[in-house]
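**Q** Here it is, the structure, as structure tokens.
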Amino acid sequence: MSVPTFAELGFFHILDVSAWDHLLFVAALIAPFAPRDFKLWLAALTAFTLGHTMAMAGQVAAKVPLNERLVEGAVLATLIFTAGRVVWFKGAPKMSRRGWLGPELAMAAAFGIIHGLAFAKDLGPLLPSDTGALWSAWGWFAGGIELGQLSVVSAVFAVRWMASARGFSPKDFALALGALTLGISLHLASQWYLV
């Protein structure tokens with residue numbers, strides 16, 4: 001597999017319709033933000049990508065045996081927490097613009113680690129054995145993930161703009177998106193619990 005192909009793999013890892021976890025997580029994470037808050041939501045997305053990539057790289061290198069069911073359950077917990085937070089705060093989580101970066105970025109990175117552990121087993125066999133190509137593959141993969149997330153953000157902001165044209169306030173849109181994401185996440189969690 002060529003190294004730039006890893007960018008495509010990362011991109012479609014996010015945009016794969018069967019990968020509800022990433023689509024829902026990104027939508028819930030940015031629901032309270034306006035496009036003009038790009039420094040905040042872009043920092044959160046990048047922290048998520050870095051956590052995701054580092055966890056995958058660490059897991060591929062260390063090959064620590066993980067209970068896949070628990071990891072998948074933890075991924076669902078990140079979705080429920082992120083969406084639930086938007087709903088709990090009625091579409092506008094209380095955050096100080098100055099003090100936001102520390103805890104929010106730490107949370108996004110921690111959740112990225114959990115999501116990365118879930119995908120490491122699938123990516124590991126595809127990675128090149130040459131050290132230089134391996135680092136390059138990780139970089140391309142991370143870039144693909146970031147582009148995929150930005151595509152989701154663009155779609156969310158386009159729907160937000162259409163909703164505002166119909167009279168929805170930004171807070172109402174965020175609350176509706178958070179509630180929808182929470183509902184789907186809880187449904188997925190119920191399916192996970194019953195399996």
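The values are calculated or read from the model by the stated rules, or taken from the named source; none is laboratory data. Predicted model only: the values in this text are computed from it and were never measured. Positions of Cβ are generated from backbone atoms using ideal geometry, with glycine treated the same way; all protein chains shown enter the neighbour counts.
**Q** Looking only at residues in the stretch 151-169 that are aliphatic (A, V, I, L, M) and surrounded by fewer than 16 Cβ atoms within 10 Å (Cβ to Cβ), which one is nearest to the chain's Cα centre (by Cα)?
**A** The initial filter retains those residues of the stretch 151-169 that are aliphatic (A, V, I, L, M), namely 152-153, 155-156, 158-159, 162-163, 165.
From what is left, the residues that are surrounded by fewer than 16 Cβ atoms within 10 Å (Cβ to Cβ) are 155, 158-159, 162, 165.
Working: Ala155: 15, Ala158: 19, Val159: 19, Met162: 23, Ala165: 27 Å.
Top of the filtered list is Ala155.
**Q** Name, by its number, the condition in (1) of a type outside the set (Phe, Trp, Tyr); (2) modelled with pLDDT of 85 or more; (3) over 13 Å from the mean Cα position of the chain (by Cα) that does not hold for Leu101.
**A** Exception for Leu101: condition (2).
**Q** Considering only the stretch 50-62, I want to know if a residue exists there that is under 28 Å from Ser164 (Cα atoms) and within 17 Å of the chain's Cα centre (by Cα).
**A** If we filter the stretch 50-62 for residues that are under 28 Å from Ser164 (Cα atoms), which is where we start, we get none.
No: the stretch 50-62 contains no residue that is under 28 Å from Ser164 (Cα atoms) and within 17 Å of the chain's Cα centre (by Cα).
**Q** Counting only residues that are of a type in the set (S, T, N, Q) and part of a helix (DSSP H, G or I), which one in the stretch 5-58 is modelled with the lowest pLDDT?
**A** Here is the first cut: in the stretch 5-58, the ones of a type in the set (S, T, N, Q) are 5, 18, 46, 49, 53.
If we keep only those that are part of a helix (DSSP H, G or I) too, we end up with 5, 46, 49, 53.
Numbers: Thr5: 82, Thr46: 90, Thr49: 88, Thr53: 85.
Among them, the one singled out is Thr5.
**Q** Among the residues of the stretch 152-195 satisfying the criterion of being among the aromatic types (Phe, Trp, Tyr) and at pLDDT 90 or above, which is nearest to Leu15 (Cα to Cα)?
**A** Step one: filter the stretch 152-195 for residues among the aromatic types (Phe, Trp, Tyr), giving 157, 161, 168, 173, 192-193.
Cutting the leftovers down to at pLDDT 90 or above gives us 157, 161, 173.
Working: Phe157: 16, Trp161: 21, Phe173: 22 Å.
Among those residues, the one meeting the criterion is Phe157.
**Q** When you check Trp135 against the structure, is it free of Cβ contacts under 8 Å to residues at least 40 places away in the same chain, among the aromatic types (Phe, Trp, Tyr) and under 21 Å from Gly51 (Cα atoms), yes or no? Break it down into steps so the answer makes sense when it comes.
**A** Values: free of Cβ contacts under 8 Å to residues at least 40 places away in the same chain: yes; among the aromatic types (Phe, Trp, Tyr): yes; under 21 Å from Gly51 (Cα atoms): yes.
It is true that Trp135 is free of Cβ contacts under 8 Å to residues at least 40 places away in the same chain, among the aromatic types (Phe, Trp, Tyr) and under 21 Å from Gly51 (Cα atoms).
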